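Working notes for the structure below.
None of the figures in this text is laboratory data; all of them are computed from the coordinates on show. All figures in this text were calculated on a predicted structure; none of them were measured in a lab. Neighbour counts run over all protein chains shown; Cβ positions are idealised from the backbone, glycine included.
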Ligand SMILES: Nc1ncnc2c1ncn2[C@@H]1O[C@H](COP(=O)(O)OP(=O)(O)O)[C@@H](O)[C@H]1O
Ligand SMILES: [Mg+2]
């Protein structure tokens, strides 16, 4: 038996909508996750012990439990304590909390990898801890973590497929629905696999461009 | 000595159980240059870093122009930090490995403190930074990034970055040790120039010629203590301690 994509192709508007939803959930969750990741990384490096412990607890919890459980917790669990979130909102929050934990560790690694001499030079001209962090350390760390952060973005894009379990109409859910009426599972899943792959290839390429653009803007290669 | 620019009293520093500095007393007269010499590991860098509290001393006090770096009046961490930030902006520091900000051009490196500490407008800061880079002979390298500069040029940018804050005292930690021999003289020339203009300087160095010519006073350290101190003529010509004699013999007859 051969593959027959005609039924799938005739449904391209649904796949297109699903792709847009996947991109939307990936980008909104990522924006929130970057913010969370940065704050948690800074908390993890803070001189205030309770902040460090909380950050550590958050990171370990997020990384030590399945993303699917986290999604179920936010969508099905929170209503029982009076927090009712629509599926899209629960989706973004759950994915951001998850990805934020991974990004926090990536950002922390980037920050501590910057030579101590940079902080010392900044402090020796009288800059505060925060100015030194914001103007000297973070720009250099940001450049350094691009590859790892892009990898996490890829995980996030793939992770959006879990949202199919709470009926968010993203790519995987669309494929399930289409399979239900066309009875073409192989074709449908090949189609979305290709779309995921293209999205992630674009992220990888974008990260390379961003890295080389920022490297050039910062005066070429430096340690 | 009346009103020294830097006064260090009873300073000691431990790293864990390792005692690196002990009972350091040192006054640096306004407008004078003090050279600190001594074998590797004797605590020279740690002493310099204690002066601006990049390392917090375990005991003892440091005063810059009569102002202590720490005060019991400061109750919160925030108050202590504020005092330190103000005083650090009055103490320039030049590092062995330059520590320029690699993501900033030469002129941006020099502008950084003016903008983020002194809150000058960018055009004003640029004007001052440019003048300072011209003074160290780098007027044609304003927009070069550190990775595009030689070691000697980088170190002169680092000196300009410290000088532009109009510090009361400059600390040099082996400023020429990481440089190729042919670039050392450019940096020493700038330092000589500063000394002759009456800037107060504390210079950790292995350049004995420089110490002899420029320093008003030479401090010999070994094992975390000041072994002896005096004008270059007495330290280099007639050292009194055996350890000083041995050290000088080693470094002067290479
Ligand atoms: N951050 C640190 N932690 C532990 N030991 C240190 C640290 N910094 C310096 N030391 C130790 O202090 C001693 C003096 O070091 P340093 O001040 O760098 O000497 P010098 O500059 O004269 O070579 C050395 O034994 C060194 O290993
Ligand atoms: Mg040293």
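Summary of computed values
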item	result
Convex hull volume per residue for region A:52-117, taking Cα atoms only, in Å³	96
Protection proxy ranking, peptides B:166-172, B:225-231, average beta carbon neighbours within 10 Å, highest first	B:166-172, B:225-231
Number of partner chain Cβ atoms within 10 Å, mean per residue of B:101-110	5
Rg [Å, one decimal], Dmax [Å, integer] - the protein assembly as shown, C-alpha atoms	29.7, 101
Angle between chain A longest axis and helix A:185-217 axis [Cα atoms, degrees, rounded to 10]	20
Antiparallel content of DSSP bridges confined to the protein assembly as shown, in %, to 5	55
Relative contact order %, region A:106-223, counting alpha carbon pairs below 8 Å whose residues are six or more apart	24
Of A:125, A:174, A:194, the one that fluctuates the most in a GNM where chain A has Cα springs shorter than 10 Å	A:125
Over chain B, equivalent-ellipsoid semi-axes from the Cα gyration tensor in Å	29, 24, 16
Residue of A:56, A:173, A:123 that the Gaussian network model of chain A assigns the largest fluctuation, springs spanning Cα pairs under 10 Å	A:123
Inverse of mean 1/r across different Cα pairs in region B:26-150, Kirkwood, Å	17.0
Beta bridges by DSSP in chain B, antiparallel share as percent, to the nearest 5	55
Semi-axes of the equivalent ellipsoid for region A:6-222, Cα gyration tensor, largest first, Å	38, 23, 11
Peptide A:127-136 - average C-beta neighbours from other chains (10 Å radius)	4
Helix A:12-44 axis, angle to chain A major axis (alpha carbon atoms, nearest 10°)	20
Principal-axis tilt of helix A:138-159 within chain A, Cα atoms, nearest 10 degrees	20
Long-range Cα-Cα pairs in region B:142-254 (distance over 21 Å), rounded percent	43
By average C-beta atoms within 10 angstrom, highest first, the peptides B:103-112, A:18-27, A:63-72	B:103-112, A:18-27, A:63-72
Of A:81, A:89, A:179, the one that fluctuates the most in a GNM where chain A has Cα springs shorter than 10 Å	A:81
Rounded FRET efficiency, nearest 0.05, which uses the C-beta distance separating residue B:71 from residue B:119 and R0 of 22 Å	0.35
